[in-house]
1. Using only the Cα atoms of chain B, what are the Rg and Dmax in Å?
2. Using the Kirkwood radius over C-alpha pairs as Rh, can you work out the diffusion coefficient of chain A via Stokes-Einstein at 10 °C, viscosity 1.306 mPa s, in µm² per second?
3. Below 8 Å between Cα atoms, with a sequence gap of 6+, how large is the relative contact order for chain B in percent?
4. Mind sorting B:175, B:133 by how few other Cβ atoms lie within 10 Å of their own Cβ, fewest first?
5. Helix B:211-234 sits at what angle to the longest principal axis of chain B, using alpha carbons and giving 0 to 90 degrees rounded to 10?
6. From the mean inverse distance of alpha carbon pairs (Kirkwood) and the Cα radius of gyration, derive Rg over Rh for region A:1-110.
7. Convex hull over the Cα atoms of region B:121-175, averaged projected area in nm²?
8. Hull surface divided by four, with the convex hull built on the Cα atoms of region B:154-296: how many nm²?
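Rule-based calculations on the coordinates, nothing more; no lab input. Not measured: the values here are computed from a predicted model. Methodologically, a virtual Cβ is constructed for each residue, glycine included, from the backbone with ideal geometry; neighbour enumeration extends over all protein chains shown.
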């Protein structure tokens, strides 16, 4: 296996408030190989976006945040790593955009409303390239072509409000790809778009990933999107990764009850014809990170809850065969039943 | 056929600047339009008028003392020394308008700089800068101007600097508030993610977005500066005779108020006209630059 393009190790994030500090991310670990897509899935408030911001070190000191753990990019020589959380402010600026880039959910707000898009793309090149204006503009044109914008030459001088949502997202992607980063973090890049445009943007991202061989961390709450783009999926709940594995395996046979519940909550088309057919839901809501339940954070909402087993200590993330990991106090039982079902 | 399709889907031409909505919104604001016409006329008159008039602003003609307006070719009359008020008014306008514009440029640049830095760097930098702004604001500006002008030689340049020192705080506050909200927007974060430096984000990303309020505040600053200049010149601390300014023309008119009222009325009306015009232009710009005003 090739060396990973991005490693997150024991990432923890705490916010400090007047009443004390609240830990919102607990020991998040994952690796992404070049050319691979890891989807990070979870409900709102599960810590997906905070994780992505922590990776880019966007949560600064001013926000009263403490970060621990490591975010590693491969260094100059083999086996050598750069820790994004440890380098100084100047170095992080040199890394952002050049080696690790990010695209946002809302393409309109991610673009400067008073600047022409050509200039915005060219800027991203000039921050790092040290190349001439003319060369940067040429590169911007090339990027607009690459992300499939029709008539790129005349679009260079458009303002963001003159483009449709899908086009804007393409521009945002062009900016992120300006320096051909090794890692791209996509924070719900298709949530704000129409379904048809969504499919186009996903196809574009996959194609660009094939061309550049970049690793992608794809944050979403949409399992349809997950099955579309991801190679592996990590499910987050209350700031912890609760299940991780290959997309096919996880979506077909979720082991952690939370993942199973999430998958069951995806509305099915077959039900649409039956009026009154109930939508499956998970009772309750994501717990307040300041008052996490004892033991497994999910146990108050869990159908498989067993007193005495689930509410003791926080279960560890157990390794399973097939590069799969789950965090469940009853992991042993699921594995056993999984094996017996294979034996049948 | 292929040709026509190609033309049909080609990108729409960008509207020229005179077709843009901001301009049409400004033109729809009657008072602002009148204000603009007044200011342009006044400026042109001050720049070119003195060359066209029959009398010099410093030529003393003792035979024509206290001529009321429309006596011979003294269109607005003469002053106690028989100098032509029309040409004095226009020469004074050069000084007063120049002071107004210069104060606007200096205080806008300085206020924007302070506001951007205070808004972008939250924490101690911002707190300290904004408390300095508050301290300046808490001090009545007219006393500040008078105290300062007691220490320096009152040349037009020094008067400009002194007035600018009391006008930048408004702009600093407006810009600071604007930047504070803009810096939380996604495009600022996106610029940081692309590897932009703090200076780049402040002046290339944030300031252009705050241009609307800055322009409006700058316009109102001109009105304020003209008024302040007139005020301190009236009190005798500003522009010194024989150099005319609207303020010191009023000052010298005081003692003749009953027998030669035009001496006070002419510069008084001019000051009022200039100040209200700038205020109307400011109002018009505020509406024109706010794209939401179309929806109301």
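1. 23.9, 85
2. Details: Rh = 21.6 Å.
It comes out at roughly 74 µm²/s.
3. Details: 411 pairs, mean separation 72.6, N = 296.
Relative contact order for chain B comes out at 25 percent.
4. Details: B:175 27, B:133 21.
Neighbour counts put them in this order, fewest first: B:133, B:175.
5. 20 degrees
6. My calculation puts Rg/Rh at 0.96.
7. Result: a mean projected hull area of 4.3 nm².
8. Values: hull surface 46.6 nm².
One quarter of the hull surface, i.e. the mean projection, equals 11.7 nm².
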